[in-house]
There are 2 protein chains.
Amino acid sequence: MVDVPQLVEQAREGRPRAVARLISLVEGAAPELREVMATLAPLTGNAYVVGLTGSPGVGKSTTTSALVTAYRKAGKRVGVLAVDPSSPFSGGALLGDRVRMSDHASDPGVYIRSMATRGHLGGLAWAAPQAIRVLDAAGCDIVLVETVGVGQSEVEIASQADTSVVLLAPGMGDGIQAAKAGILEIGDVYVVNKADRDGADATARELNHMLGLGESRAPGDWRPPIVKTVAARSEGVDEVVEALEKHRAWMEEHGVLSARRRARAAREVETIAVTALRERIGDLSGDRRLDALAERIVVGETDPYRAADELVEGLTNGG
Amino acid sequence: MVDVPQLVEQAREGRPRAVARLISLVEGAAPELREVMATLAPLTGNAYVVGLTGSPGVGKSTTTSALVTAYRKAGKRVGVLAVDPSSPFSGGALLGDRVRMSDHASDPGVYIRSMATRGHLGGLAWAAPQAIRVLDAAGCDIVLVETVGVGQSEVEIASQADTSVVLLAPGMGDGIQAAKAGILEIGDVYVVNKADRDGADATARELNHMLGLGESRAPGDWRPPIVKTVAARSEGVDEVVEALEKHRAWMEEHGVLSARRRARAAREVETIAVTALRERIGDLSGDRRLDALAERIVVGETDPYRAADELVEGLTNGG
């Protein structure tokens, strides 16, 4: 039996093992999941969540690590969630990439967590927000969510962030890749990393063009900045932090931050509710009611739609 | 306003336009969908559904056409549903492939329908059974469901059939493709088409090996036959029909046919029920209740799981 309140207390005192344990509980849909979430709820809402996304090889881990250093210098507690939707492995999956993170391994103000399981709702996109809540409740001021892998899952996970950073690097055909993955629609801040390489200016120009940054915008609209960095030498990293702060200030000023968080919470509730309802129906598989309805369809006594109505009525009147 | 009973009556009299209209209604989730399904229900259950699946180029259309000819000779009324999950277009999408079907275009005992829309439940797998019911109620003895495209949708659609035929052709690396797509698990009858080509025997042997047909089976188990055909010359087609009849007889004898149909109906009811519940939740988007719950999560007053409980309770107590 897990003592959840004690574990939460320990996590808030800054014990990394307690934080890790809580994340494992929510990630693995432990029986304690609901108790954990209920206990965490009043302690959340303080962390600012920054998503980092981009194709493999653009330097996400290096950039994340440099951002951690910058935030630590400013006295912030930082959580890092590294998500790899393409990996079937949990925990150790990102070890190669995590080597750079070892700079921070002994820093008690930094939590680093890799996530590669699919989560209890069948998608990382729904396991990640629970892990973010743990890091939030544990007192992190900033949570950096770094997504390895590409495509839809990446976009979904990025949508969990308050501010999304899209990373590119010169000469990787990133423009096209970005457009394909739809990540051009999700960036609040763009970073062209490895800016000491040939083609960095061209990449920035192409991006500028694709984003339509040259066009006029309505006053008050957010204009995503493009920051050039050499993360391996920490060049430009302060400018990224500055861009993040600006975006945060803009969001707060325009009521966008709370609107984003509400929309995110609503989607999350919806997914959990649908899953719960689906499970209620799933519980009926092999149940006489569903079997009987199926039999009546086969013999033509009813049709699937009327049968579904009956099933739903049965469920919604106490199951 | 559509006069559904009249339309159904006309379909049963053999008017192709009425059949086509009914399929359009169920495919497009017309307001009349429920009335159509309710009216059709007592008229269904007579048609035998044969699914044909396989990689592009194995000769599915030619085989389907040859089977239509064979069944017509035996005096059966035949429906053909050609499904292309990969196509964003409806109706005309399969025109190229359908040319061979023009042999049957003037035969009043044959209905041919292409289906490429995604259906009202977001998947062809759920639009197809409704169209099959229309063809069934219209008096078809046999409904051939031919799926173009590959992968999961194909397997799903094949699962709508009473008997599934998996087609292969020599020299196409079909063995590997088949294994990848999981279609080796769904075949009740295997056809190696284009058997006049080099490598037909090797393909059949490989298939025999992969299916473990050399191994002993429990008495009464179905052993999928492998039939070699040259569909373009109608060679071997009678043997396919014979294999289908044998499988049908085996399924009836062992109670498998009704079990399959019940399982199929149960899955269908489940999907419709989940969709209905999801729509009820969807109706709440922008609704004050979901918004209020989301706001309470953001400020830490509740967590997503308790909020989902509240939402579900709200829905299940009359919405």
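Checked against the criterion of being in contact with an Asp or Glu (Cβ under 8 Å, 6 or more places away or on another chain), touching a residue at least 40 places away in the same chain (Cβ under 8 Å) and closer than 26 Å to A:Gln160 by Cα, the stretch A:233-241 contains not a single residue that satisfies it.
Filter the stretch A:306-316 for residues that are within 7 Å of chain B (Cβ to nearest Cβ) and at pLDDT below 85; which is surrounded by the most Cβ atoms within 10 Å (Cβ to Cβ)? Among them, the one singled out is A:Leu311.
Here the condition is being on the phi > 0 side of the Ramachandran plot and modelled with pLDDT of 65 or more; of B:Gly151, B:Gly122, B:Gly171, it holds for B:Gly171 alone. Checking each residue in the stretch B:27-56 for being touching a His at 6+ places or on another chain (Cβ under 8 Å) and within 13 Å of another protein chain (Cβ to nearest Cβ) picks out B:Ala29, B:Leu33. Tally up the residues in the stretch B:60-92 that are at pLDDT below 90, not in a helix (DSSP H, G or I) and not hydrophobic (A, V, I, L, M, F, W, C), please. Total meeting the criteria: 7. Checked against the criterion of being part of a helix (DSSP H, G or I), buried (at least 21 other Cβ atoms within 10 Å of the Cβ) and modelled with pLDDT under 90, the candidates B:Val19, B:Val8, B:Val26 yield just one match: B:Val26. With respect to the conditions (1) crowded, with 20+ Cβ neighbours inside 10 Å; (2) touching a strand residue (DSSP E or B) at 6+ places or on another chain (Cβ under 9 Å); (3) part of a helix (DSSP H, G or I), A:Ala41 falls short on a single one, namely (2). Considering only residues in the stretch A:272-286 that are surrounded by 15 or more Cβ atoms within 10 Å (Cβ to Cβ) and at pLDDT below 80, the one that is nearest to B:Glu279 (Cα to Cα) turns out to be A:Val274. Looking only at residues in the stretch B:174-188 that are of a type in the set (Gly, Ala, Ser) and outside any helix (DSSP H, G or I), the one that is modelled with the lowest pLDDT is B:Gly182.
Across the stretch B:45-67, not a single residue is classified as more than 20 Å from B:Leu144 (Cβ to Cβ), buried (at least 19 other Cβ atoms within 10 Å of the Cβ) and under 21 Å from the mean Cα position of the chain (by Cα). Highlighted here are the helices (runs of 4 or more DSSP H) found entirely within the stretch A:189-305 that include at least 2 residues which are more than 10 Å from every other protein chain (Cβ to nearest Cβ) and polar (S, T, N, Q): A:200-210. Looking only at residues in the stretch A:191-228 that are of a type in the set (Gly, Ala, Ser) and surrounded by 13 or more Cβ atoms within 10 Å (Cβ to Cβ), the one that is farthest from A:Arg248 (Cα to Cα) is A:Gly199.
The values are calculated or read from the model by the stated rules, or taken from the named source; none is laboratory data. Everything numeric here is computed off the predicted structure, so don't read it as measured data. Don't worry about glycine lacking a Cβ; one is built from the backbone with ideal geometry, like all the others, and counts go over all protein chains shown.
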